[in-house]
Amino acid sequence: MNPKRILLTKPSENYKQYIHLMITETSSDLHILNIVKGRLTLRKKTTNAVYQQYPMEEALYQLEQLSLEYQAKGYIEEPESILDAIMIPEDRVLDKAKWHFEGDFPEDLTKDAAYTATGMFITWLINNNWFSEEIEHQFATEIGKVKQKQLTGAEFYRKCLDGVFSTQELADEIKPFVNEYLNIQKDIYAAEDYVHTFQGVGLTFYHVANTWENYDLIEPLIEQRFKEFWERIQKI
């Protein structure tokens, strides 16, 4: 297995406990150790994530130590492909702000910085009318302000969604794309597109400023990902 990504499981009577350890490289000296825990069955996967920041060598060391600790508790290493075989319910939590600020969050930042990355993706959803009719109606004023650039997606995420982002609030048509793009296990949006776009912008992943200028930088990549996804599923 790739040493930067390790999946460990431990069988119980009706499910498997799992811990998924992944390192997200950033443009700074600090990299993100993603620690995702939960339970697996054939039709369900629960998820609870914590994010910690370390220099690369320390991140690798922490990953390896955690792996050894869990193996000592009876966990075994398995291929990540077993996660793809699970029939996950369509609606699921994709991000919680507290996963970030309850991890190894930079001391020089306020908790508001934990909303920025997902908030930019939420801005794209709002601008393209991908929220459910219920959310569109309930937060019509706030959605209008985001479209007019009077309220950022991060502020909408914090004030209207209480820092919990799930597909439950989205229109059915966009859920397959969002589930794939923001899949915690693969982390295409945050680990690839977001980090690539803002490489060298801040000291850490969390130091990217919550500005419209920065949103304008990430928006084309989201658009391209969606276009590629749509073209692919049209061929199925």
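Of the cross-linked pairs Lys45/Lys98; Lys4/Lys73; Lys37/Lys186; Lys10/Lys111; Lys111/Lys145; Lys98/Lys186, which ones have a Cα-Cα span greater than 26 Å in the structure shown?
Details: Lys45/Lys98 20 Å; Lys4/Lys73 21 Å; Lys37/Lys186 14 Å; Lys10/Lys111 34 Å; Lys111/Lys145 22 Å; Lys98/Lys186 20 Å.
Pairs exceeding the cut-off: Lys10/Lys111.
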(request) Using the Cα centre as the reference, give the magnitude of the dipole from point charges on the C-beta atoms of the chain (Lys, Arg: +1; Asp, Glu: -1; all else neutral), rounded to the nearest 20 debye. (result) 640
(request) Would you check the accessible area of Glu57, probe 1.4 Å, heavy atoms only, in square angstrom rounded to 10? (result) 150
(request) Among (1) 38; (2) 22; (3) 30, find the value of percent of Cα pairs over 29 Å apart that was calculated from the structure presented, and write down its label. (result) (3)
(message) How large a share of the accessible area of the chain, in percent, is made up of carbon and sulfur atoms when the probe is 1.4 Å and the other protein chains stay in place?
(response) 48
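Roughly speaking, what is the stretch gain from His137 to Glu78, that is 0.36 nm per residue apart minus the C-alpha to C-alpha distance, in nm to one decimal? Kindly include the intermediate steps, with their values, before the conclusion.
On the way: separation 59, 0.36 × 59 = 21.24 nm, distance 4.46 nm.
Roughly 16.8 nm would be gained on extension.
Given a Förster radius of 35 Å and the C-beta distance between Glu25 and Asn179 as r, what FRET efficiency does 1/(1 + (r/R0)^6) yield to the nearest 0.05?
On the way: r = 24 Å, r/R0 = 0.68.
Once the sixth-power term is evaluated, E becomes 0.90.
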(request) Express the accessible area of the chain per residue in Å², computed with a 1.4 Å probe while the remaining protein chains stay in the model. (result) 52
(message) I'd like to verify something in the chain: which complete DSSP H helices, judged by Cα projection on the helix axis, reach 27 Å or more and average at least -0.5 on the Kyte-Doolittle scale?
(response) none
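The values are calculated or read from the model by the stated rules, or taken from the named source; none is laboratory data. Quantities reported herein were computed from a predicted structural model and do not represent experimental measurements. We place every Cβ from the backbone using ideal geometry, glycine too, and count neighbours over all the protein chains shown. Each accessible area value is taken on the protein alone, full model and side chains, heavy atoms only, with ligands, DNA and RNA left out. Shrake-Rupley method; radii C 1.70, N 1.55, O 1.52, S 1.80 Å.
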